[in-house]
Amino acid sequence: MILLDASESALTEVPEHLLQRSRDRRRAMGLVVDDGDAAASAAPAAAAATSAVATAPAIKAPVPIPAAAPPAPPEPDSPWVSAAKSRKKIPYWVMPVLLFLPIWLIMYVGTLEDVAREEGVLYEGSVVYTESGCSNCHGAAGAGGTGPAFAGGAVIETFADAEAQMAWVVHGSQGYTDAGFDSYGDNGKAIGDYNGSAMPAFGADLTTEELIAVVFYERIELGGYEEDLPLAEKVWDMLEHGELEDLPEHFAEGPDGDFTGQGEIAAALAAARAELAEAEETAAE
Ligand code: HEC
């Protein structure tokens, strides 16, 4: 009893009669069996008392609280709201990046296109096609006009090989007529039959590079004949590396030059074709 009295009186000055009542009550509840053994009974009694105090409200409280709790969470967030709350927040810098991404993409693709079109045989060909006036008669997109169309492969039907087309551009309608021809191309097109107009001779105006570039431009870019691209690029590469002889003499020959075999033009392209075939063979091995 000494222990209990001491701790109780130390904490609160509880009047002795109340303590006695509490002790009686605990005894009545069977919590304290032997009043004599103070050390033994007081501790469990105190423990029991506190646990009784602790459990008594604990048993009662959970009943109303959980009962009130589930309906209580006043407005459960709708799925999208809770999703929005739980989802990771997007960093602020992402917004400007996302905004500029399409613009950057357009600019990037634009530069790619520029690179492709600012060099190479087809780019050079497009420049010659406009600057030498081919576009005036044959149309900017090769759809035809004063001269026949190249689009849709029409020019490939006339000239199966680039060599023959180059000879035609060098000599023109008049050159062919003067040499005794009344037709040109693989299908024997009658000269002067198209609108009664003539194709001028460009041999004196164009360099070897320009002739080669513009003819491949007409065939590949305007005529859609992709099959000629490897040859065009090979010839261009050889020209740039000085592996292909310039053909000024052929041009100078004018209407008296080699029409049927296309002379030096054919020889030059033959070298390119041979190199291509060789490269294909080694690639196939
Ligand atoms: C003054 C107008 C004119 C100009 C400029 C001109 N051409 Fe022609 N071109 C013609 C005409 C007309 C024909 C058809 C000739 C004929 O029927 O005798 C023709 C035919 C052609 C053909 C044959 C097409 C076919 O399928 O029959 C080619 C290839 C060609 N020209 C290339 C060129 C090139 C390359 C240039 C520029 C370097 C050029 N032409 C500039 C008027 C022109």
Run down VAL169, VAL155, VAL128 and say which single residue is closer than 13 Å to MET199 by Cα and either within 7 Å of the ligand (Cβ to nearest atom) or modelled with pLDDT under 95 (or both). VAL169
Criterion first (at pLDDT below 90 and within 16 Å of the ligand (Cβ to nearest atom)) does GLU113 satisfy it? no
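A quick yes/no check of all residues on (1) crowded, with 17+ Cβ neighbours inside 10 Å; (2) among the hydrophobic types (A, V, I, L, M, F, W, C); (3) touching a Phe, Trp or Tyr at 6+ places or on another chain (Cβ under 9 Å); (4) under 23 Å from THR208 (Cα atoms):
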{"residue": "PRO79", "(1), (2), (3), (4)": "no, no, no, no"}
{"residue": "ALA83", "(1), (2), (3), (4)": "no, yes, no, no"}
{"residue": "GLU118", "(1), (2), (3), (4)": "no, no, no, yes"}
{"residue": "VAL121", "(1), (2), (3), (4)": "yes, yes, yes, yes"}
{"residue": "CYS134", "(1), (2), (3), (4)": "yes, yes, yes, yes"}
{"residue": "HIS138", "(1), (2), (3), (4)": "yes, no, yes, yes"}
{"residue": "GLU157", "(1), (2), (3), (4)": "no, no, no, no"}
Are any residues in region 190-203 under 46 Å from the mean Cα position of the chain (by Cα) and either exposed (fewer than 15 other Cβ atoms within 10 Å of the Cβ) or more than 7 Å from the ligand (Cβ to nearest atom) (or both), and if so, which ones? ALA201, GLY203
What do you reckon, is SER183 without any contact (Cβ under 8 Å) to a residue 40 or more places away in the chain and of a type in the set (Ser, Thr, Tyr)? yes
Residue pairs, Cβ under 8 Å, 6 or more apart or interchain, first in region 207-232 and in the same structural domain as ALA167 (by TED's automatic domain parsing), second outside any helix (DSSP H, G or I) and away from the ligand (no atom under 13 Å from the Cβ). List them. THR207/ASP246; THR208/LEU244; THR208/ASP246; THR208/LEU247; LEU211/LEU247; LEU222/ALA141
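The values are calculated or read from the model by the stated rules, or taken from the named source; none is laboratory data. The model shown is predicted, which means the values in this text are computed figures rather than measured ones. Cβ coordinates were reconstructed from backbone atoms using ideal geometry, including for glycine residues, and neighbour counts include every protein chain displayed.
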